[in-house]
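Contents: one structure, followed by commentary.
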Amino acid sequence: MDKNSNQFVVVFQAVVCVVLAVLLAATYNGLKDDIEANEAFDKQKNILKAVGLWDPRTQADKSRKELEALFANSVKADVLEVKRGIVEQQVKRAGKVEVDKVERVQDVVKTDIEYANLKEALRQESKKPKDQRRELVPFFTRVDDAGKPVGFCIPISGYGLWSTLYGYLALESDGNHVKGITFYKHGETPGLGGEVENPGWQASWADGKRVLDDSGNVVGVEVKKGGAPAGDPHAVDGLSGATITSDGVTKFVKHDLETYEPYLRKVRS
Amino acid sequence: MTATVDAPVQETVEKQPLFGKKEKRAVLDPLWDDNPISLQVLGICSALAVTLKLAPTLIMCAAVIFVVSMSNTIISLLRNLIPNKIRIIVMLTVIASLVAVVDTMLKAYAFELSKALSVFVGLIVTNCIVMGRAEAFAMANPPFRSFLDGLGNALGYSWILIVVATFRELLGAGEILGVQVIPASWYAAEGGFFYDNGLMVLAPGAFILLGIVIWVQRAISGYSEAN
């Protein structure tokens, strides 16, 4: 058989692709449980880090068991339902007043779904028709020994330059002061946008930054190119060489805070 | 004096010992006389990027050893079947799949280190050494010899990375494999003379160190560009 004929070339490459695809699928399926357990533990560690229960720099020797126990005892994980509605909003455009329809979070309520079953619950929701689907999100509360809430933590995610970044933002029990921020998954350039992992930069978020303005509206924290003015409670230094990642972080942190705002209003003290 | 050239590309039908002279050369040459990093100057990107600490470097080396030796073996097994027109595509498919397998295994068994290596495991696909050995050696040699060639080249790459990473971690953080080896009393803060060298933590530090390693290796092996 002529191995340079078109038929052979097509058949050969097809066979190679199928064989390798089967190999990859088999590898992933065989290791799926381990990988998912690792990812779940990684999230727990990041939540512990964000709410200030664990510092990987000084407590790197804590075992997986200890950290899992710490998470189980000191962090309460709930599943919330976000209810969105369409509201009409008047906007002035070119001198004329027009009415725009905007989607707004109207209420966020606690559900009785266990956090451990969130993944399965989301799978069930995705099978429903779109207008009946519930928007389920996790919410974490750091509790003290008496079970009193001493801080909150919400997942944050959004687009940077190359990838979606995933992380957590922790707030003090007043729901206003930032307690910590972490990122556990992203595909930004190491050394540029990847500096969202920089512990020093992450620490600057906890340095008295606030997410609400004086009248209680969500303003978030701006990742400011060129550096934040000293003492500004609503800005942190931008990341050098990573303007688009910085802008992305600013936007999605604010957006996610707005999503959780109706619930935070209920629980903050 | 002269740099060694790859074994002439021809296959003989006569019976040969399993581990003959050619096999020995395939695995030993890349370690010193024909080192992929110091003589061929391939795979420099990852050599700079993953050598900050020794532990991730060792994982990276293990990944590269697996990928290069396996891709060489597979390509060599298929070498008489692969249509010449699409050989590069076939090689890339094989290499990319192997890298994806390694990446998945790291996520399952060494999650922390796989996070530390971030994109660089995936970037093994673009490491010139892998593709270079598939094209230059595996396409023209039997499987066992190709396997040894892949092993040799990956080991040649690995030992240089390990040397660079050892110095970077030692001078940059005073540690080896995360264990403090520079005594606290040596630090300037304690009245000693030692400072953690910030340059070593950055890519330029790796570049300078790599340059020194290449210089020393070439000086000893007697290689010069003029030849």
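The values are calculated or read from the model by the stated rules, or taken from the named source; none is laboratory data. Small disclaimer: the values here were computed from a predicted structure and weren't measured. Here the Cβ is made from the backbone with ideal geometry for all residues, glycine too, and neighbour counts use every protein chain on show.
Worth a mention:
Table: residues versus (1) more than 14 Å from chain B (Cβ to nearest Cβ); (2) in contact with a strand residue (DSSP E or B) (Cβ under 7 Å, 6 or more places away or on another chain).
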position: A:GLY52; (1), (2): yes, yes
position: A:ASP61; (1), (2): no, no
position: A:LYS65; (1), (2): yes, no
position: A:PHE71; (1), (2): yes, no
position: A:LYS92; (1), (2): yes, no
position: A:GLY95; (1), (2): yes, no
position: A:GLU98; (1), (2): yes, yes
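- Residues (modelled with pLDDT under 90 and away from every other protein chain (no Cβ under 14 Å)) located in the stretch B:109-126: B:THR126
- Inter-residue pairs, beta-carbon under 9 Å, first more than 16 Å from B:ARG168 (Cα to Cα) and in the stretch B:204-218, second surrounded by 13 or more Cβ atoms within 10 Å (Cβ to Cβ) and hydrophobic (A, V, I, L, M, F, W, C), 6+ apart: B:GLN217/B:TRP32; B:GLN217/B:ILE37; B:GLN217/B:LEU39; B:GLN217/B:ILE160; B:ARG218/B:LEU39
- Residue match in the stretch A:155-162 (condition: within 21 Å of A:ASP247 (Cα to Cα), β-branched (Val, Ile, Thr), exposed (fewer than 15 other Cβ atoms within 10 Å of the Cβ) and out of contact with any His (no Cβ under 7 Å at 6 or more places or on another chain)): no
- Restricting attention to the stretch A:190-229, the residues that are of a type in the set (A, V, I, L, M), within 14 Å of chain B (Cβ to nearest Cβ) and touching a His at 6+ places or on another chain (Cβ under 9 Å) add up to 1.
- Checking each residue in the stretch A:3-34 for being in contact with a Ser or Thr (Cβ under 7 Å, 6 or more places away or on another chain) and not aromatic (Phe, Trp, Tyr) picks out A:VAL16, A:CYS17, A:LEU20, A:LEU23, A:LEU24, A:THR27, A:LEU31.
- Options B:MET60, B:MET105; residue that is part of a helix (DSSP H, G or I), under 27 Å from B:ILE214 (Cα atoms) and either touching a Phe, Trp or Tyr at 6+ places or on another chain (Cβ under 8 Å) or within 12 Å of chain A (Cβ to nearest Cβ) (or both): B:MET60
- A:SER240 surrounded by 16 or more Cβ atoms within 10 Å (Cβ to Cβ) and either more than 14 Å from every other protein chain (Cβ to nearest Cβ) or within 26 Å of A:PRO56 (Cβ to Cβ) (or both): no
- Count - residues of the stretch A:9-34 that are more than 7 Å from every other protein chain (Cβ to nearest Cβ) and farther than 21 Å from B:PHE111 by Cα: 8
- For the stretch B:72-102, taking the residues that are under 15 Å from A:VAL9 (Cβ atoms) and basic (Lys, Arg), the one that is nearest to the other protein chains (Cβ to nearest Cβ) is identified as B:LYS85.
- Reported count of residues in the stretch B:42-53, each being in contact with a Ser or Thr (Cβ under 6 Å, 6 or more places away or on another chain) and more than 12 Å from chain A (Cβ to nearest Cβ), is 1.
- Scan of the stretch B:25-37 for residues that are surrounded by 21 or more Cβ atoms within 10 Å (Cβ to Cβ), assigned to a loop (DSSP other than H, G, I, E, B) and not hydrophobic (A, V, I, L, M, F, W, C), ordered by number: B:ASP34, B:ASN35, B:PRO36
- Meets criteria (outside any strand (DSSP E or B), closer than 30 Å to A:LYS130 by Cβ, more than 25 Å from the chain's Cα centre (by Cα) and within 13 Å of another protein chain (Cβ to nearest Cβ)) for A:ALA40: no
- Yes/no for B:ILE89 being at pLDDT 95 or above, assigned to a helix (DSSP H, G or I), over 30 Å from A:PRO56 (Cα atoms) and out of contact with any Cys (no Cβ under 9 Å at 6 or more places or on another chain): no
Let's see how each residue does on (1) within 28 Å of B:PHE111 (Cβ to Cβ); (2) in a loop (DSSP other than H, G, I, E, B); (3) modelled with pLDDT under 95:
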site: A:TYR184; (1), (2), (3): yes, no, yes
site: A:PRO229; (1), (2), (3): no, yes, yes
site: A:ASP247; (1), (2), (3): no, no, no
site: A:LYS251; (1), (2), (3): no, no, no
site: A:GLU258; (1), (2), (3): no, no, yes
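- Selection status of B:ILE75, surrounded by fewer than 19 Cβ atoms within 10 Å (Cβ to Cβ) and either outside any loop (DSSP other than H, G, I, E, B) or in contact with a strand residue (DSSP E or B) (Cβ under 6 Å, 6 or more places away or on another chain) (or both): no
- Selection status of B:SER69, hydroxyl-bearing (Ser, Thr, Tyr), within 11 Å of another protein chain (Cβ to nearest Cβ) and touching a residue at least 12 places away in the same chain (Cβ under 8 Å): no
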